[in-house]
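Engineer: Structure in structure tokens, see below.
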Amino acid sequence: MSNQLKSDFNKVMKISKISEDEILVKKNYLNKFIDSGFPNRKQEDWKFLDISQIIKKNIGNLNFFNDYSKSNKIDTSVFVDGLEHNKIVFINGRIEKIDFNYEDQNKIEISDENKKEISFDYKNSLIDLNSAFTNRVFKIFIKKGYSLKKPLIIYHSTDNKIKTTNINLRLDFELSENSCLKLIDFFTNKTAKNFINIFYNFNLGKDAILKNYKIDKYKNDNLKYSFNNIEQDNNSISETFILSAGSDYLKNEINCNLNGEYSSAFINGVFSLKENQQHEIKTTINHLVENTKSYQLIKSVLGKNSKSAYQGKIFVNSKAQKTDGYQLSKAILLDETSEFNAKPELEIYADDVKCSHGSASGSLNEDSIFYLMSRGLNYQQSKELLINGFLLDVVEKITDPEIKNLIKNIIGLKE
Amino acid sequence: MDTREKDIEKLKDYKYGFTTDIENIKAPKGLNEDVIKFISNIKKEPEWMLNFRLKAYERLKLLKEPNWQKPKYPKIDYQDLYYYSAPKSMKDKPKSLDELDPKLLETYKKLGIPLQEQARLNGIAVDAVFDSVSVATTFKGELTKHGIIFCSMSEAIQKYPELVKKYLGTVIPVTDHFFATLNSAVFTDGSFVYIPEGVKCPMELSTYFRINASETGQFERTLIIADKGSYVSYLEGCTAPMRDENQLHAANVELIALDDAEIKYSTVQNWYPGDENGKGGIYNFVTKRGLCKGKNSKISWTQVETGSAITWKYPSCILKGDNSIGEFYSIAITNNHQKADTGTKMIHLGKNTKSKIISKGISAGFSDMTYRGLVDINFNAKNASNYTQCDSLLMGNRCGAHTVPYIKNKNFDSSIAHEATTSKISEEQLHYCQQRGLSPEESVSLIVNGFCKEVLQQLPMEFAVEAQKLVGISLEGSVG
């Protein structure tokens, strides 16, 4: 694989117009990636779903070359109706459009930097891969006191020009003091068998609010990995909602550092999986100072041959007294062949804390089905009603009413 | 200082920290084929046993020491250890207790296990293991009447080779992990229990382990077989003298329960934990595994872990027979610089299998405590269920408490529930107790005992009293 990586890397570098220095930095990341390769089940974080095996099985020979010099046609039919929004359109590894039409242009700065160092410690070869191959790194800077009027939707799409290719995206967001951003990631992949590697870096200033909704609903054969790093200052709030349903493989990883007092992080996730899908959510919440709070709720509904995994970790530093941490994961297994794995982890070094986690899994309750059938529903309807109720619980946690309705419509949940 | 304070002062010290001056026979230092042959030879073992050991050793050479555990320790030099140490007087095994070296008896008296008296008074059959060999087993007559075999492992290999051959290594095979395989290669002694079909063992069986010699590893191997419809309750206690160096204890315990049989295994582990600064102490790397082989069988582990510098063990149940039950009750207390990474594995293979895990962890001082557990429900384990509860209590902000449960559910008929909490002793609770006239230390002891009650209840009477005291002692000096 390493020969192909090197030759693809050289091809990409030839086409893109970047300086020698930058190429050197990228080369460094490439070598780091070549040393460690794709993560496998020997690494604790990848124990349940082994990405190197999955890539081998689903894609086979992965291609790393991507021609960034040609622009792609924007397919407007995928845009979300009925919700006014700002857009970033990301097609085949290229950002084609950044549109903040609804906003005060003086309050948002967009810069395009190539040489972006990674400011936190990580042990993740996929971030090295991302850093080596990602095309342009955009940084979106929201100025002090500004709340975006409309949500920002990032459309992730690929068209039929591309297959069995590795696509990388990196975006940096800086939310200054007292600013607010609602961000929706919308996946509309029409092609098959690409490996998409997304890396977001969020920096939240004092009192800033970030709401990130990741919607992967439509069935496709792509493999995806998404990594969010969130740094939070005093009194900031981050809310992440993950709908994990469409791709063949999807792993969402969230690393959240609560660096400021009274900051809080909320992560809610839904897995709704069918035939042969394998999805995972991995979270690490680091409570580093006093009076911080985190809340996680993850629910899975698993169909035939599907597999979901949840690895959640709450870390509490010895300084972080009065921490409040909570994790709950629940799963319904619908078929004999479905599988649920969980590793809810607590690592605590302070004594005055309130941390708990819970995990439960099982099949649909036959008594509940019987009850509904005795009220005149048929078996299928009863099952659906119960599943919808189970998932609605998570969707109801979304704090933005407009987006909540949008997501309910997308999932097909009615109140 | 009033008398009570003096008592506490006395208890603070590790009271089992004395050494006994007894001449020892040791195998040459180091780990190699000759040492294994030496051990096998001195124990007059048959050839198949030697082959078992050598097979394990061959495999050991290919294995690497695991290092994924939370408490890290300096590398152990396996060539710098004695693998066999026995009191000299044991060379020609005494026929009865009266022939035992008086110094040995003295030691056990200090430990609170006067073999002779205890045998008569409490009605508990005791097997005592001193360094590497089993020195005495009491109450033989009574047990033989019921057809129960309770003897040292070496005796069993001589007298009941068929039974040993049939079951040894069936739960922990020679192809297991590093420490288990090391044990298979060099184990020296341990207890052997066989309960025949339909027999309810009329008394508690008990073993006391003691490491006396320095630079010695203790590698005992225990095998308990409960035949169809039988019942046995087995107790295990451990102590070691105070030494500056770290000593390794890598035992293997295998339990096998056939149809309708039940085994209850309780441990009160109080190995020397090292001094206040974390110097010395025992590395307790033990492999304990039970196999519910038959239908409706049950294995229950209860452990109170207060000693050892590092405890690293996961007593497990393999629930193979349909309707079998596995239980795990644990209290683990770490203070000063002690570290523990302990928990259980419940592997559900049979239909309608049930398991229950109750784990209570208490950490104080600079210690670090991890609960690590696995619940694995296999594809075929229809209608299996598991309930897990692990609670941690922290005292001070220099210690850590961690929970790492692994949950794997591959069967849609099964249900798993897991709960965990971490908290501290609340000011209100302390205030309430002190208002009623208890000292801060007593209050903590009372609250902690309440916290542990669910597990302490599972212990046999005699042990429960000892364990309660231990819980109190282990936490001395951690308040304030």
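The values are calculated or read from the model by the stated rules, or taken from the named source; none is laboratory data. Predicted model, so just to flag it, every value in this text is computed and none were measured. For neighbour counting, all protein chains shown are included, and Cβ atoms are generated from backbone atoms with ideal geometry for every residue, glycine included.
Engineer: Return yes or no: is A:S294 out of contact with any Gly (no Cβ under 9 Å at 6 or more places or on another chain), among the hydroxyl-bearing types (S, T, Y), surrounded by 24 or more Cβ atoms within 10 Å (Cβ to Cβ) and not assigned by TED's automatic domain parsing to the domain that holds A:V394?
Structural biologist: Working: out of contact with any Gly (no Cβ under 9 Å at 6 or more places or on another chain): no; among the hydroxyl-bearing types (S, T, Y): yes; surrounded by 24 or more Cβ atoms within 10 Å (Cβ to Cβ): yes; not assigned by TED's automatic domain parsing to the domain that holds A:V394: yes.
No: the conditions fail for A:S294.
Engineer: Next question, about the same structure. With region B:1-86 as the region, which helices (runs of 4 or more DSSP H) entirely inside it contain at least 1 residues that are surrounded by 13 or more Cβ atoms within 10 Å (Cβ to Cβ) and modelled with pLDDT under 85? Even if it seems obvious, please write down each step before you answer.
Structural biologist: Values: elements: B:3-12, B:33-42, B:47-62.
Qualifying helices (runs of 4 or more DSSP H): B:3-12, B:33-42.
Engineer: Taking the condition assigned by TED's automatic domain parsing to the domain that holds A:L175 and either surrounded by 24 or more Cβ atoms within 10 Å (Cβ to Cβ) or under 22 Å from A:L386 (Cβ atoms) (or both), does A:F271 pass? Write out each step before concluding.
Structural biologist: Values: assigned by TED's automatic domain parsing to the domain that holds A:L175: no; either surrounded by 24 or more Cβ atoms within 10 Å (Cβ to Cβ) or under 22 Å from A:L386 (Cβ atoms) (or both): yes.
No; evaluated as a whole, the condition is false for this residue.
Engineer: Do you know which of the residues in region A:321-335 that are facing chain B (nearest Cβ under 9 Å) and either free of Cβ contacts under 8 Å to residues at least 12 places away in the same chain or out of contact with any Gly (no Cβ under 9 Å at 6 or more places or on another chain) (or both) is farthest from A:S238 (Cα to Cα)?
Structural biologist: Top of the filtered list is A:Q321.
Engineer: Being without any contact (Cβ under 8 Å) to a residue 24 or more places away in the chain and loosely packed, with under 15 Cβ neighbours inside 10 Å is true for just one of A:D393, A:D367. Which residue is that?
Structural biologist: From the options A:D393, A:D367, the qualifying one is A:D367.
Engineer: Can I ask one more? Taking A:A192 as the residue in question, decide whether it is over 26 Å from A:L129 (Cα atoms), assigned by TED's automatic domain parsing to the domain that holds A:N63 and either modelled with pLDDT of 90 or more or surrounded by fewer than 22 Cβ atoms within 10 Å (Cβ to Cβ) (or both).
Structural biologist: On the way: over 26 Å from A:L129 (Cα atoms): no; assigned by TED's automatic domain parsing to the domain that holds A:N63: yes; either modelled with pLDDT of 90 or more or surrounded by fewer than 22 Cβ atoms within 10 Å (Cβ to Cβ) (or both): yes.
Here the answer is no, as A:A192 does not meet what is asked.
Engineer: What's the number of the only condition in (1) of a type outside the set (A, V, I, L, M, F, W, C); (2) surrounded by fewer than 24 Cβ atoms within 10 Å (Cβ to Cβ); (3) within 11 Å of chain B (Cβ to nearest Cβ); (4) under 21 Å from B:N383 (Cβ atoms) that A:S338 fails to meet?
Structural biologist: (2)
Engineer: Scan region A:156-201 for residues that are within 21 Å of A:D67 (Cβ to Cβ), hydroxyl-bearing (S, T, Y) and part of a strand (DSSP E or B) and jot them down.
Structural biologist: A:S157, A:T165
Engineer: So, restricting to helices (runs of 4 or more DSSP H) that lie completely within region A:1-119, which ones have at least 3 residues that are at pLDDT below 85?
Structural biologist: A:2-15, A:20-36
Engineer: Starting from region B:21-33, take each residue that is under 18 Å from B:D80 (Cβ atoms) and list its partners that are modelled with pLDDT of 70 or more and assigned to a loop (DSSP other than H, G, I, E, B), counting only C-beta distances under 6 angstrom and pairs at least six apart or across chains.
Structural biologist: B:A27/B:Y83; B:A27/B:Y84
Engineer: Of all residues in region A:261-295, how many are of a type in the set (D, E) and assigned to a strand (DSSP E or B)?
Structural biologist: Start the filter on region A:261-295 by keeping residues that are of a type in the set (D, E), which leaves A:261, A:275, A:280, A:290.
Checking which are assigned to a strand (DSSP E or B) leaves us with A:280.
Looking only at that region, the number is 1.
Engineer: If you don't mind, another one. Is it the case that region B:269-285 has a residue that's closer than 19 Å to B:S385 by Cβ, crowded, with 23+ Cβ neighbours inside 10 Å and of a type outside the set (S, T, N, Q)? Explain how you work it out, then say what you get.
Structural biologist: As a first pass, look at region B:269-285 and keep what is closer than 19 Å to B:S385 by Cβ: none.
Scanning region B:269-285, I find no residue that is closer than 19 Å to B:S385 by Cβ, crowded, with 23+ Cβ neighbours inside 10 Å and of a type outside the set (S, T, N, Q), so the answer is no.
Engineer: Here is a check on your reading of the model: is A:Y349 more than 8 Å from chain B (Cβ to nearest Cβ), aromatic (F, W, Y), under 30 Å from B:P71 (Cβ atoms) and crowded, with 17+ Cβ neighbours inside 10 Å? Let's see the steps before the verdict.
Structural biologist: Details: more than 8 Å from chain B (Cβ to nearest Cβ): no; aromatic (F, W, Y): yes; under 30 Å from B:P71 (Cβ atoms): yes; crowded, with 17+ Cβ neighbours inside 10 Å: yes.
The answer is no for A:Y349.
Engineer: May I ask you to say which residue of A:E253, A:E231 is of a type in the set (D, E), part of a strand (DSSP E or B) and over 15 Å from the mean Cα position of the chain (by Cα)? Don't jump to the end; show me each part of the working.
Structural biologist: Working: A:E253 fails: over 15 Å from the mean Cα position of the chain (by Cα).
Result: A:E231 is the single residue among A:E253, A:E231 that is of a type in the set (D, E), part of a strand (DSSP E or B) and over 15 Å from the mean Cα position of the chain (by Cα).
Engineer: Being of a type in the set (D, E, K, R) and within 14 Å of chain B (Cβ to nearest Cβ) is true for just one of A:K47, A:K56. Which residue is that?
Structural biologist: Details: A:K56 fails: within 14 Å of chain B (Cβ to nearest Cβ).
Being of a type in the set (D, E, K, R) and within 14 Å of chain B (Cβ to nearest Cβ) holds for just one of A:K47, A:K56, which is A:K47.
Engineer: Taking only region B:359-379 into account, find how many residues are at the interface with chain A (Cβ under 10 Å from one of its Cβ atoms) and over 23 Å from B:A340 (Cα atoms).
Structural biologist: Matching residues across region B:359-379 total 2.
Engineer: Tally the residues that are at pLDDT 90 or above and more than 15 Å from B:R53 (Cα to Cα), restricting the search to region B:178-191.
Structural biologist: 0
Engineer: For B:I473, are the conditions met, namely being closer than 29 Å to A:N317 by Cα, more than 7 Å from every other protein chain (Cβ to nearest Cβ), touching a residue at least 12 places away in the same chain (Cβ under 8 Å) and in contact with a strand residue (DSSP E or B) (Cβ under 9 Å, 6 or more places away or on another chain)? Outline the logic, then answer.
Structural biologist: Values: closer than 29 Å to A:N317 by Cα: yes; more than 7 Å from every other protein chain (Cβ to nearest Cβ): yes; touching a residue at least 12 places away in the same chain (Cβ under 8 Å): yes; in contact with a strand residue (DSSP E or B) (Cβ under 9 Å, 6 or more places away or on another chain): no.
For B:I473, the condition - closer than 29 Å to A:N317 by Cα, more than 7 Å from every other protein chain (Cβ to nearest Cβ), touching a residue at least 12 places away in the same chain (Cβ under 8 Å) and in contact with a strand residue (DSSP E or B) (Cβ under 9 Å, 6 or more places away or on another chain) - is not met.
Engineer: Sticking with this structure for a sec: Among the candidates A:L377, A:L364, A:L385, single out the residue that is within 14 Å of another protein chain (Cβ to nearest Cβ) and more than 23 Å from the chain's Cα centre (by Cα).
Structural biologist: Numbers: A:L377 fails: within 14 Å of another protein chain (Cβ to nearest Cβ); A:L385 fails: within 14 Å of another protein chain (Cβ to nearest Cβ).
Going through A:L377, A:L364, A:L385 in turn, just one is within 14 Å of another protein chain (Cβ to nearest Cβ) and more than 23 Å from the chain's Cα centre (by Cα): A:L364.
Engineer: For the structure I just gave you, tell me whether A:S359 is closer than 30 Å to B:K382 by Cβ, modelled with pLDDT under 90 and either more than 10 Å from every other protein chain (Cβ to nearest Cβ) or out of contact with any helix residue (DSSP H, G or I) (no Cβ under 9 Å at 6 or more places or on another chain) (or both).
Structural biologist: Taking the combined requirement at face value, the residue satisfies it.
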